[in-house]
Amino acid sequence: MGVRGVRGAITVEENSEKAILEGTALMLEEIIRKNNIEADDVASVILTVTPDLNATFPARAVRAIPGWALVPLMCTTEIPVPGSLQMCVRAMILFNTDKSLKEIHHAFLGGATVLRPDLTSQTK
């Protein structure tokens, strides 16, 4: 067993606590479901937001998942590259698994599908 990373991203409609938490939860549920991730297998979760999202910490959505309250979490802000996707929450979950890189299913949702169309098509 080794550590693998799985990525996800989602765009939200507005800079509000509700939109950020609901979007983050939706993205995380998709990642967890597609990869059968158990909290005990998670090493850490890194969450980022674009600079236009500051109404709440997306980590609150992770802590609300049953069994995930003790998972190490870190929130940070994306680099504000001119012309980059806005209103976006991103996640990288590092977890212990026997899966190969090809068996990992990433979740790019909403407007975030433009970030990694190569990975979006494989998320079934």
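Read the figures in this text as sums done on the coordinates, not as results from a lab. All values reported here derive from a predicted model rather than from experimental measurement. Here the Cβ is made from the backbone with ideal geometry for all residues, glycine too, and neighbour counts use every protein chain on show.
Can Leu47 be described as surrounded by 16 or more Cβ atoms within 10 Å (Cβ to Cβ), under 17 Å from Leu115 (Cβ atoms) and not aromatic (Phe, Trp, Tyr)? When the stated conditions are applied, Leu47 passes them. Go through the range 50-74 and report how many residues are surrounded by fewer than 18 Cβ atoms within 10 Å (Cβ to Cβ) and touching a helix residue (DSSP H, G or I) at 6+ places or on another chain (Cβ under 8 Å). Adding up the residues that qualify gives 8. Among the residues here, Ala9 qualifies as of a type in the set (A, V, I, L, M, F, W, C), touching a strand residue (DSSP E or B) at 6+ places or on another chain (Cβ under 8 Å) and closer than 19 Å to Thr113 by Cβ. Counting only strands (runs of 3 or more DSSP E) that sit completely within the range 33-124, those holding 2 or more residues that are under 25 Å from Glu17 (Cα atoms) and touching a residue at least 40 places away in the same chain (Cβ under 8 Å) correspond to 42-49, 88-97, 107-109.
Out of Gly83, Gly111, which single residue is over 30 Å from Met1 (Cα atoms), touching a Cys at 6+ places or on another chain (Cβ under 9 Å) and surrounded by fewer than 17 Cβ atoms within 10 Å (Cβ to Cβ)? The unique qualifying residue is Gly111.
Taken over the range 78-100, residues that are over 17 Å from Asn35 (Cα atoms) and out of contact with any strand residue (DSSP E or B) (no Cβ under 6 Å at 6 or more places or on another chain) amount to 8.
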